[in-house]
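The values are calculated or read from the model by the stated rules, or taken from the named source; none is laboratory data. Note that the coordinates shown come from a computational prediction; the quantities given were computed from them, not determined experimentally. Glycine gets a Cβ as well: all are built from the backbone with ideal geometry, and neighbour counts include every protein chain shown.
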Amino acid sequence: MQSQNAHVYWMKSMGVASIIFMSLGISSLAQAIPVTFQFTGTVAASVNPILNPPILPNTPISGSYTFESTAPDLLAGSPLIARYALGAFSLDVLGRHYTNSSSGIQVIHVQPGVPIATGTTDDQYSVLLLANTFLNPTVLGPSINNLAPQGFQLNIFGQDLFTSDALPLVPPSLGSIAPARRTFNMTFQAGGFTGELTSLTVASVPEPDTLLLFGFGLIGLAGLRILRRWSPAHNCGGDVV
């Protein structure tokens, strides 16, 4: 009888703990979570040969950018165009490292149903770091031939990428998109380079997943503690290790 009571007590405790923890988990999911996308690409051509050393074709680049999962739409009044604030940004090319400044336009642009020349529509996903003036660049890092970096763009066009202009927490797949429609370009005070985007992936795992695993582990430990407390050996005065 006492064993049955212990089992019932344990089940009730697990139920209460689960409800409390799940409520905490749901609350965490509603909070802003930093999400990081990583990208790679290869240079296709220099916009201007004034860059010296030149950025030659097939030069690899890599980088990442971060945004908040609950970032608000900065163009909420436009039903089919959305822009979301960009957080940290980094780019590596030819051993040079670039980051974003605090000026200019730095957004993720999402626009489903963009009309194109064929008479159909495409969806657009872009990462825009646009400098307002030469004196206020959006990208900071080493100069090339005394030409300071200015800005960076990443553009993806394709059909059926999105169903709305909501902020994507998973990057669009590049598998079926032609190279000419998944591009990037970097600008300097004069000249720059363009290229083909070869990958775009999620780099960080949202924190609530880790929180849920940790919480269920705690619940399991609590259950074991209760079972040990109400085990027959404990009630008979025996030692329980």
Q | Looking only at region 133-187, and only at residues there that are farther than 18 Å from T40 by Cβ, among the aromatic types (F, W, Y) and under 26 Å from the mean Cα position of the chain (by Cα), the one that is surrounded by the fewest Cβ atoms within 10 Å (Cβ to Cβ) | A | F162
Q) What residue, of A30, A6, is of a type outside the set (K, R), modelled with pLDDT under 70 and loosely packed, with under 13 Cβ neighbours inside 10 Å? A) A30
Q) For region 83-100, what are the residues that are farther than 23 Å from V43 by Cα and in contact with a Pro (Cβ under 9 Å, 6 or more places away or on another chain)? A) Y84, A85, G87
Q: Give the number of residues within region 188-205 that are part of a loop (DSSP other than H, G, I, E, B) and either crowded, with 19+ Cβ neighbours inside 10 Å or modelled with pLDDT of 95 or more (or both).
A: 1
Q.
Checking the structure you have, find out if any residue of region 123-131 is free of Cβ contacts under 8 Å to residues at least 60 places away in the same chain, over 21 Å from I81 (Cβ atoms) and among the hydroxyl-bearing types (S, T, Y).
A. no
Q) Going by the structure shown, is V35 modelled with pLDDT under 95 and either in a loop (DSSP other than H, G, I, E, B) or not hydroxyl-bearing (S, T, Y) (or both)? A) no
**Q.** Exclusive hit being hydrophobic (A, V, I, L, M, F, W, C) and under 20 Å from V202 (Cα atoms), set V139, V110
**A.** V110
